[in-house]
Amino acid sequence: MFLRRVTSKLKPMPRSRLFSSDNSPDLSEVIAELNQEMEFVFGEPPASSPAGSSNNQTMAQESHLVMNDITKKETFSGLTHIGSKGEAQMVDISSKEITKRLAVASCKVILGQKVFDLVLANQMEKGDVLGVAKLAGVCGAKQTSNLIPLCHNINLSHVHLDLKLNPRDLSVEIKGQAASTGKTGVEMEV
């Protein structure tokens with residue numbers, strides 16, 4: 001869900017911009033645009049050079065030392081997995097009600113003509129790519145709390161993956177769905 005919200009706010013990047021040698025913009029323009037996108041997503045501009053990086057780190061350390069407890073609490077109050085002092089923590093869900101939880105996520109994997117044709121014809125050396133990907137997705141959902149720190153261990157009642165080949169852009173469109181009845185959502189599992 002987070003990625004869907006973030007990607008819906010980002011400007012789509014023209015595909016030819018980075019992969020075409022004809023009429024490609026200046027590299028510094030591309031880097032500047034990518035830096036703007038990174039600043040939008042992560043909230044602070046990236047370092048412009050290795051020297052700038054160390055200066056930014058020094059400034060960040062100095063501002064951290066000056067912060068008082070009130071500022072710290074205000075800074076981290078909206079983030080559930082960060083404590084009042086900025087430390088990582090698992091969210092306490094003990095007071096939440098048990099409810100049915102459902103999450104849906106989707107993505108697209110761009111393949112390229114040769115790989116797309118091999119997957120479409122089920123001629124990959126390793127076998128049925130889409131079938132194996134579905135099984136791997138289900139296994140990954142079941143292991144989420146082992147793979148992602150601070151995730152709760154939850155009992156999944158349903159995991160479904162739908163993979164479709166899209167010949168228009170030589171991609172695999174993936175839609176996943178997970179369900180559970182519990183005290184926390186299944187967004188990370190899906």
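The values are calculated or read from the model by the stated rules, or taken from the named source; none is laboratory data. For clarity, every value in this text was computed on a predicted model and none was experimentally measured. Please note: Cβ atoms are built from the backbone with ideal geometry, for glycine as well, and neighbour counts cover all protein chains shown. Note: areas computed on protein heavy atoms with side chains; ligands, DNA, RNA excluded. Shrake-Rupley method; radii C 1.70, N 1.55, O 1.52, S 1.80 Å.
In the condition set (1) exposed (fewer than 14 other Cβ atoms within 10 Å of the Cβ); (2) outside any strand (DSSP E or B); (3) under 21 Å from the mean Cα position of the chain (by Cα), Glu189 is compliant with all but (1). Candidates Ser171, Ser106, Ser157: the one that is among the small types (Gly, Ala, Ser) and under 25 Å from Val91 (Cβ atoms) is Ser157. For the range 80-108, the tally of residues that are more than 30 Å from Ile174 (Cα to Cα), open to solvent by 60 Å² or more (accessible area, probe 1.4 Å) and touching a residue at least 24 places away in the same chain (Cβ under 8 Å) stands at 5.
Taking the criterion of being under 12 Å from Ser180 (Cα atoms) and either part of a helix (DSSP H, G or I) or open to solvent by 80 Å² or more (accessible area, probe 1.4 Å) (or both), the residues of the range 128-156 that qualify are Ala141, Lys142, Asn153, Asn155.
Of all residues in the range 110-127, those satisfying the criterion of being closer than 14 Å to Lys164 by Cα and either surrounded by 12 or more Cβ atoms within 10 Å (Cβ to Cβ) or among the basic types (Lys, Arg) (or both) are Ile110, Leu111, Phe116, Asp117, Val119, Leu120.
Taking the stated definitions as given, is Lys134 at pLDDT below 95 and among the charged types (D, E, K, R)?
When the stated conditions are applied, Lys134 does not pass them.
Taking the conditions (1) crowded, with 16+ Cβ neighbours inside 10 Å; (2) more than 20 Å from His81 (Cβ to Cβ) in turn, Thr184 satisfies each one other than (2).
Of the residues that sit in the range 167-181 and are in contact with a helix residue (DSSP H, G or I) (Cβ under 9 Å, 6 or more places away or on another chain) and part of a strand (DSSP E or B), which one is most open to solvent (accessible area, probe 1.4 Å)?
Here the residue is Ile174.
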